[in-house]
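Just below is one structure, and these are the notes that go with it.
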Amino acid sequence: MTLFEKIASREIPAEILGEGADWIAFRDIAPQAPVHFLVVPKHCIPRINEAETSDNNLLGNLLIAAASTARQEGLAEDGYRIVVNNGPNGGETVPHLHLHVLGGRPMNWPPG
Ligand code: AMP
């Protein structure tokens with residue numbers, strides 16, 4: 001079981017912000033912005049590079065969940081950023097697909 005599967009099954013505690021049939025959103029343990037949460041599929045896809053066409057519904061649900069949780073967190077008006085890290089150069093550290101949602105401050109571009 002991956003770390004995020006253990007969070008989804010409540011084996012490991014996290015501050016859960018919401019969940020649906022196929023996703024869960026919880027605060028990042030090491031926030032990089034005033035608001036920083038992750039949206040994760042309950043069924044593990046290791047990373048976006050391994051997603052398949054048949055995952056299209058799930059991937060859409062993750063984006064919709066990210067936006068609705070961002071609204072719930074009060075980020076809609078000022079905006080926010082959604083990030084997906086893939087592989088070593090992308091900065092991926094947990095091999096279970098997740099969307100980072102960051103807000104509460106202006107984001108830099110280009111990203112680091
Ligand atoms: P990434 O580097 O894109 O793979 O992102 C993994 C993220 O998971 C990092 O931002 C970590 O801070 C976060 N993280 C690791 N362990 C936990 C945990 N137990 N609860 C919440 N977030 C975590």
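The values are calculated or read from the model by the stated rules, or taken from the named source; none is laboratory data. Just so we're clear, the structure is a prediction, and the values are computed from it rather than from any experiment. Cβ sites come from the backbone with ideal geometry, for glycine too, and all protein chains shown count toward neighbours. The protein model used for the area step is the full one, side chains on, heavy atoms only, and it has no ligands, DNA or RNA in it. Shrake-Rupley method; radii C 1.70, N 1.55, O 1.52, S 1.80 Å.
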Can you give me the number of residues within the range 85-101 that are under 22 Å from residue 22 (Cα atoms), open to solvent by 20 Å² or more (accessible area, probe 1.4 Å) and outside any loop (DSSP other than H, G, I, E, B)? 1
Residue list for the range 16-28, restricted to those being near the ligand (Cβ under 8 Å from one of its atoms) and over 20 Å from residue 47 (Cβ atoms): 27
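Quick check on residue 22: is it open to solvent by 50 Å² or more (accessible area, probe 1.4 Å), acidic (Asp, Glu), in contact (Cβ under 8 Å) with a residue 24 or more places away in the chain and farther than 19 Å from residue 91 by Cβ?
Details: open to solvent by 50 Å² or more (accessible area, probe 1.4 Å): no; acidic (Asp, Glu): yes; in contact (Cβ under 8 Å) with a residue 24 or more places away in the chain: yes; farther than 19 Å from residue 91 by Cβ: yes.
No, not satisfied.
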If we ask which residues in the range 75-84 are farther than 13 Å from residue 37 by Cα, open to solvent by 40 Å² or more (accessible area, probe 1.4 Å) and either in contact (Cβ under 8 Å) with a residue 12 or more places away in the chain or of a type in the set (Lys, Arg) (or both), their number turns out to be 1
Here's a check for you: in the range 102-112, which residue that is assigned to a loop (DSSP other than H, G, I, E, B) and in contact (Cβ under 8 Å) with a residue 24 or more places away in the chain is surrounded by the fewest Cβ atoms within 10 Å (Cβ to Cβ)? 111
Residue 70 - would you say it is touching a Gly at 6+ places or on another chain (Cβ under 9 Å) and more than 16 Å from the ligand (Cβ to nearest atom)? yes
Give the range 1-13 a look and list any residue that's free of Cβ contacts under 8 Å to residues at least 60 places away in the same chain and open to solvent by less than 40 Å² (accessible area, probe 1.4 Å), or say none. 7, 8
Scan the range 51-74 residue by residue and report those that are open to solvent by 30 Å² or more (accessible area, probe 1.4 Å), touching a residue at least 40 places away in the same chain (Cβ under 8 Å) and outside any loop (DSSP other than H, G, I, E, B). 61, 68, 72
If you scan the range 33-48, which residues turn out to be surrounded by 12 or more Cβ atoms within 10 Å (Cβ to Cβ) and either charged (D, E, K, R) or outside any strand (DSSP E or B) (or both)? 33, 42, 43, 44, 45, 46, 47, 48
